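Engineer: Pasting a structure below so you can have a look.
Laboratory data are not the source of any read-out in this text; all were calculated from the coordinates shown. The model shown is predicted, which means the values in this text are computed figures rather than measured ones. Don't worry about glycine lacking a Cβ; one is built from the backbone with ideal geometry, like all the others, and counts go over all protein chains shown.
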Amino acid sequence: MRIAKYFSVPLALTIFLSGCGNDEDNTIENGNEPEMNEELTDENEENNLNSNENLNEDINETNDNNQENQNNESINENNENSNMENEETALEDQEPLYEIDSNIAIRPIDDADEEIVLLTIDDAPDNYGPEMAQILKDLDAGAIFFVNGHFIQSEEGQEQLKEIHELGFEIGNHTMTHPNLSNISEEEQYEEIVHLNDLIEEIIGERPRFFRAPFGVNTDYSKELMEDEGMQWMNWSYGYDWEAGYMEKEALEEIMVEAPALGNGANLLMHDREFTKDALEGIVEGLREKGYEIVDPNLIK
Ligand SMILES: [Zn+2]
């Protein structure tokens with residue numbers, strides 16, 4: 001019954017019909033990248049001048065509280081899963097070793113290994129999310145799956161989300177219907193972000209800690225929401241699985257490992273797609289051959 005209210009989000013179905021993760025989406029994401037990076041540099045300076053540290057502290061406190069409440073609830077609800085929950089609790093209680101620099105790169109807080117990269121899978125769980133999660137799990141590689149609400153309205157989608165989460169992956173918020181946030185009202189942005197947090201929490205028992213805006217477009221209001229919700233937003237260093245020429249296994253495997261933007265702390269963007277699934281193992285192995293380890297998102301503040 002609680003889920004029914006999300007169908008009443010007026011823009012949900014119309015925007016859903018316009019699709020997500022198609023060629024148009026890819027072109028826009030790609031086209032936005034250079035502009036986005038400039039904007040981020042300005043914002044970073046602004047954040048440093050203002051209260052980035054205080055904000056991070058607030059976020060930590062909120063996260064700690066949320067995690068405690070959620071863990072208690074989970075343990076009460078699922079006695080049979082208590083071993084698994086305890087393991088998760090142990091991981092989540094670990095001090096963060098990394099933080100997000102300029103809303104993109106992953107940097108060590110103290111002396112953690114800096115030769116790491118973050119894997120992120122957007123527009124999930126579409127068709128291949130659980131399979132991608134299983135492949136990564138078998139490779140012992142962590143990742144954030146950034147989820148859209150229109151994929152988790154059905155029971156099947158909700159099962160897929162649970163499966164990805166139960167395999168140990170971080171679930172991020174990628175909005176309810178994948179709009180460009182700069183084209184919609186504040187009320188609609190609230191629905192897109194906060195209602196998806198509510199829905200994800202109903203399904204997996206935890207609210208997302210991380211947010212990635214569709215097309216990398218954030219607004220002043222969405223950034224305010226991040227503070228209110230105790231979330232951290234991130235864009236990405238590079239990604240290719242939406243570009244012509246890289247929408248197949250071999251080319252994608254190669255470019256993701258040879259990309260000019262690959263470096264310590266790089267934030268790698270991929271999508272829930274068949275050829276990306278097929279390329280995952282080669283990408284992870286190639287990155288490791290180059291000396292990079294795949295960071296566990298649980299260790300990111
Ligand atoms: Zn997307």
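Engineer: Looking at Pro208 and the list (1) within 16 Å of the ligand (Cβ to nearest atom); (2) within 18 Å of Arg273 (Cβ to Cβ), which single condition is not satisfied?
Structural biologist: Every listed condition holds for Pro208 apart from (2).
Engineer: Check off (1) touching a residue at least 24 places away in the same chain (Cβ under 8 Å); (2) assigned to a loop (DSSP other than H, G, I, E, B) for Val284 and give me the number that stays unchecked.
Structural biologist: (2)
Engineer: Tell me whether the stretch 185-203 contains one or more residues that are touching a helix residue (DSSP H, G or I) at 6+ places or on another chain (Cβ under 8 Å) and not in a helix (DSSP H, G or I).
Structural biologist: no
Engineer: Quick test for you: out of Leu181, Leu199, pick the one residue that is more than 16 Å from the ligand (Cβ to nearest atom) and surrounded by 17 or more Cβ atoms within 10 Å (Cβ to Cβ). Before the answer, list the steps.
Structural biologist: On the way: Leu181 fails: more than 16 Å from the ligand (Cβ to nearest atom).
Among Leu181, Leu199, only Leu199 is more than 16 Å from the ligand (Cβ to nearest atom) and surrounded by 17 or more Cβ atoms within 10 Å (Cβ to Cβ).
Engineer: Is there any pair linking a residue in the stretch 111-133 that is free of Cβ contacts under 8 Å to residues at least 60 places away in the same chain to one that is of a type in the set (Gly, Ala, Ser), with Cβ under 9 Å and at least six apart or on different chains, and which?
Structural biologist: Once the first residue is free of Cβ contacts under 8 Å to residues at least 60 places away in the same chain and sits in the stretch 111-133, its partners that are of a type in the set (Gly, Ala, Ser) give Ala133/Ala124; Ala133/Ala143; Ala133/Gly168.
Engineer: Name the residues in the stretch 208-228 that are part of a helix (DSSP H, G or I) and in contact with a strand residue (DSSP E or B) (Cβ under 8 Å, 6 or more places away or on another chain), would you?
Structural biologist: Just the residues of the stretch 208-228 that are part of a helix (DSSP H, G or I), to begin with: 214-216, 220-228.
Listed by number, the residues that qualify are Ser222, Lys223, Met226.
Engineer: For the condition of a type in the set (S, T, N, Q) and over 26 Å from Phe275 (Cα atoms), what is the one hit in Gln153, Gln189?
Structural biologist: Sole residue among the options that is of a type in the set (S, T, N, Q) and over 26 Å from Phe275 (Cα atoms): Gln189.
Engineer: How do the strands (runs of 3 or more DSSP E) wholly within the stretch 91-160 filter down when requiring 1 or more residues that are more than 16 Å from the ligand (Cβ to nearest atom): which remain?
Structural biologist: Numbers: elements: 98-101, 105-108, 116-124, 144-147.
Once the strands (runs of 3 or more DSSP E) in the stretch 91-160 are filtered for at least 1 residues that are more than 16 Å from the ligand (Cβ to nearest atom), what remains is 98-101, 105-108, 116-124.
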